[in-house]
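One structure below.
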Amino acid sequence: MAQQGAPATHDIVHRLRLRHRDPNADHKHPVNKAHYDDAPLGARIADHLAAGMGSWPFIIIQSALLLVWVAINYYGLFVKRWDVYPFILLNLLLSLQATYAGPIVLLAGNRQSQKDRITLEHAADEADKGEEHITRILIEIKKNTDLTLQILRELEAESA
Amino acid sequence: MISAPEEGQTSHESLSGEGPTDIEITTARQRLAAKHKHPVNQLFHDEATLGERVADKASAGIGSWWFLGIQSVLIVIWVFINSVEFFTHKWDLYPFILLNLMFSIQAAFTGPVLLLSGNRQAQKDRLRLEHTAEVSETAEKATVEILEEIERNTEATLKVLEHLKKRRDAKSPTGATS
């Protein structure tokens, strides 16, 4: 059992690694299938929004735009200043960004908690299935024990 | 101490009963300092890319008491210098419009970092379920094998019983069952 276990674990980790790095990989777990592969349009858009805003390109581009804005309006480079110190318009834009970031965070959080709910429901189903298996095994062992006891009685009668 | 990697293979034996198990209740801090044992943690944390590592560090940094404390101190200093007469060099007078901009900048970066960390967590959740699916497939196969093996055993036992009965009947040709 233990000798078989090691390479099997290795295979599992290998398959998982491939799927982990491939966003388009087919899912194996039913909850992942339901959550990602069968997601409705709104959920897909929510996932894309969260993935887009919560990414390094977004953060880096935003930082670059901030620096350019401040550089132009503080030092008067290239074009006429449109938002002089202390950058009230920039403040408005950043607040606008934060206003949308909040709901998008909650959207992503709601998606996740919905998934958590499906996961638990699925776990309950699996537990039922596991219990059924164990019950069947137990019944089978009891049958076996009964037979063994009958054999014992036969043998005892024989030697008596 | 935290168990060495080779003890992972002996954990099957330790389940059999004799000897103290090497699984000790450790604090969460000790557990986090140890090498990862679970494949999902190994794939997710030990094999994380640079961007993912930085993302984890960023969310750990912003979501810490140190960050909150230092930010609060800086705000108090900013407001203090710009409102108390004693200081001559003021750069952001009441109502602190530049400080407002600083808050907006902080919020504008906190949002994306929050999403970044949420995405990471969702990614881990997805990986964990895939792992569960793989493991439960193996476990189900094992359960079916156990059941089949027991059924074979029952069949064999049944044959032994029949054999014994046949032998007994042969010994007592009257066929009387006693």
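Below is a table of values for the structure above.
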| item | result |
| --- | --- |
| Segment A:16-35: number of residues that are more than 7 Å from every other protein chain (Cβ to nearest Cβ) and either free of Cβ contacts under 8 Å to residues at least 12 places away in the same chain or of a type in the set (A, V, I, L, M, F, W, C) (or both) | 9 |
| B:S59 vs. criteria assigned to a helix (DSSP H, G or I), of a type in the set (S, T, Y) and either in contact (Cβ under 8 Å) with a residue 40 or more places away in the chain or away from chain A (no Cβ under 14 Å) (or both) | yes |
| Flag if A:A124 is at pLDDT 90 or above, at the interface with chain B (Cβ under 7 Å from one of its Cβ atoms) and under 23 Å from A:P30 (Cβ atoms) | no |
| Selection within segment B:106-134 - farther than 19 Å from B:R53 by Cα and facing chain A (nearest Cβ under 7 Å) | B:A107, B:A108, B:L129, B:E130, B:H131, B:T132, B:A133, B:E134 |
| Filtered residues of segment A:129-158 (kept if among the acidic types (D, E) and under 19 Å from B:E145 (Cβ atoms)) | A:E131, A:E132, A:E140 |
| Segment A:101-155 - residue that is within 30 Å of B:G111 (Cα to Cα) and of a type in the set (A, V, I, L, M) and, of those, surrounded by the most Cβ atoms within 10 Å (Cβ to Cβ) | A:A108 |
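The values are calculated or read from the model by the stated rules, or taken from the named source; none is laboratory data. Note that the coordinates shown come from a computational prediction; the quantities given were computed from them, not determined experimentally. Cβ coordinates were reconstructed from backbone atoms using ideal geometry, including for glycine residues, and neighbour counts include every protein chain displayed.
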